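Bear in mind that the values in this text are calculations on the coordinates, not laboratory data. On a predicted model such as this, the values are computed, not experimentally measured, just so you know. Every residue, glycine as well, gets a Cβ built from its backbone with ideal geometry; the counts of neighbours run over all protein chains shown.
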């Protein structure tokens with residue numbers, strides 16, 4: 001899936017991350033979302049690798065990465081990125097994120113704007129906006145996992161543990177409509193991860209943080225704007241398209257550009273020949 005790449009385990013404060021790197025040039029972090037791993041980026045790395053070093057970690061607790069301190073806030077995940085960048089000798093870098101990874105990119109830009117050259121945010125609304133729209137019936141049904149995974153007392157872990165593979169398949173199908181769009185190797189990687197209790201625990205802790213501490217962090221930053229090159233892409237057939245994402249993101253990144261792509265939530269896998277070149281062009285415009 002990733003020719004001429006290198007995988008390593010990297011120790012950062014509070015976690016041990018699996019990180020894949022490939023290419024040479026300006027550094028670009030590619031941050032995956034729930035319930036995937038860095039394998040999701042395979043369809044577009046050929047578009048992004050020329051002129052860039054691609055850095056693809058599994059988020060803490062996801063895939064082959066392990067969380068030690070059990071802090072699953074987007075702030076902690078953003079700090080993981082800067083720690084990896086430091087270890088690789090990068091002062092500044094671009095960040096491209098999908099789903100949870102895009103939320104990490106948003107928090108990273110807020111917490112360390114001097115480190116970030118540009119951001120690309122794939123198929124998300126800001127976290128505060130998602131919760132404010134939970135009275136939308138279709139959104140609540142499609143995004144039910146936001147509330148389910150955040151339940152306390154180990155309830156979601158016990159229920160998912162009864163059939164982790166079935167839960168993963170149901171989650172992907174619910175957001176994508178079909179499993180056929182996923183590369184078989186990538187899908188197997190997601191399934192292997194879903195069989196690990198520590199990964200299920202990470203999913204739940206991630207969403208519990210997004211319902212509590214992450215909201216406090218975002219609310220504290222309401223009114224701040226970031227003068228960074230920003231790109232927002234979303235699937236025309238997904239939920240984000242219902243809520244005017246460019247207007248939502250302009251409250252944080254006034255210069256944000258973007259568009260809908262003929263796809264659902266997993267636009268990297270569904271429309272790689274569109275998404276890859278759009279991100280590559282964004283990176284070209286935002287060169288240091």
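How high is the relative contact order of the chain, in percent, with contacts defined as C-alpha pairs under 8 Å that are six or more residues apart? Computed value for the chain: 20 percent relative contact order.
Using the Cα gyration tensor of the chain, with a ≥ b ≥ c the square roots of its eigenvalues, what is the shape: rounded (a/c below 1.5), prolate (a/b larger than b/c) or oblate (neither)?
Numbers: a/c = 1.25, a/b = 1.13, b/c = 1.10.
Rounded.
If R0 equals 22 Å, the separation of the Cβ atoms of residue 191 and residue 159 corresponds to a calculated FRET efficiency of about 0.80.
Secondary structure note: in the chain, about 40% of the DSSP beta bridges are antiparallel. Quick check: from the Cα gyration tensor, does the stretch 181-261 come out rounded (a/c under 1.5), prolate or oblate? In terms of gyration-tensor shape, oblate.
Classify the stretch 226-288: rounded, prolate or oblate, from the alpha-carbon gyration tensor (a ≥ b ≥ c, eigenvalue square roots; a/c under 1.5 rounded; otherwise prolate if a/b is larger than b/c)? Oblate. Residues of the stretch 170-191 falling in the label zone of residue 262, defined by backbone nitrogen less than 18 Å from a point 7 Å along Cα to beta-carbon, are 181.
The relative contact order of the stretch 118-207, computed from alpha carbon pairs under 8 Å that lie at least 6 residues apart in sequence, is 36 percent. At full extension, residue 213 and residue 180 could sit 8.3 nm farther apart than now, given 0.36 nm per residue minus the alpha carbon distance.
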